[in-house]
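Step one of this worksheet: look at the structure below.
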Amino acid sequence: MTIKIYKPSKTAMQSGLKNSKIWVAEYISDIDTTTDFLMGWNSSADTQTQIKLFFKTKEQAINWAQKNNYQFYVEEPKVRKIKIKSYASNFDIKRKEPWTH
C-alpha cells in the first residue's frame, strides 16, 4: 500500500485559507474500481482509499508512514505568487499601459 502525503490547496469557492495549512496522508489503492452495470456507480472492495489522516506538519506525516512501514511519496505544495494591488494603482503616473476602456 502506498501513501500520498500532500498539503491540500485552498478551495476555489472561498477566499479563505481554511484546511490549506494541514498535511494529509491518503492511501493510494492498487485495486481497480468496478462499475455497476445497472446504476453506473464506481465501487471497490478496498475501503482504505476512503481514509485520510490529517497532520500539522509534513514531518509528523512522514514519521507516521515510516513507523507503520508504508511506502510513501510527498507532493510539495505550490508557492502562491501574491501581487499586491490597489485601486489607486490604476491611475498611477508610472503605469505602463493606458487605463482606458
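Data table
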read-out: Reachable aspartates and glutamates, given that their alpha-carbon falls under 19 Å from the alpha-carbon of K4 and they are not under 8 places away in the same chain; value: E26, D30, D32, D46, E59, E75, E76
read-out: Given charges at beta-carbon only (K, R positive; D, E negative), |dipole| of the chain in Debye; value: 1020
read-out: Segment 1-54 pair-distance distribution - Cα-Cα, 5 Å bins, rounded %; value: 4, 17, 17, 16, 15, 15, 11, 4, 1
read-out: Rounded to 5, percent antiparallel among DSSP beta bridges of the chain; value: 70
read-out: Packing-based exposure ordering (other Cβ within 10 Å, fewest first) of L53, L17; value: L17, L53
read-out: Farthest positive-ward along segment 19-101 dipole, Cα basis, beta-carbon charges - from T33, Y87, T57; value: Y87
read-out: Length-normalised contact order of the chain in % [C-alpha pairs under 8 Å, at least 6 apart]; value: 31
read-out: Angle between the chain longest axis and helix 58-67 axis [Cα atoms, degrees, rounded to 10]; value: 10
read-out: Length added when fully stretched, L17-K83, from 0.36 nm per residue minus Cα-Cα; value: 22.1 nm
read-out: Distance-filtered residues of segment 73-91 - backbone nitrogen under 20 Å, label point 7 angstrom along L53 Cα→Cβ; value: 73-77
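We did not get these values from a lab; they are worked out from the coordinates using the rules stated. The structure displayed is predicted, hence computed values, not measured ones. No Cβ is skipped: glycine too gets one built from the backbone with ideal geometry, and neighbour counts run over all protein chains shown.
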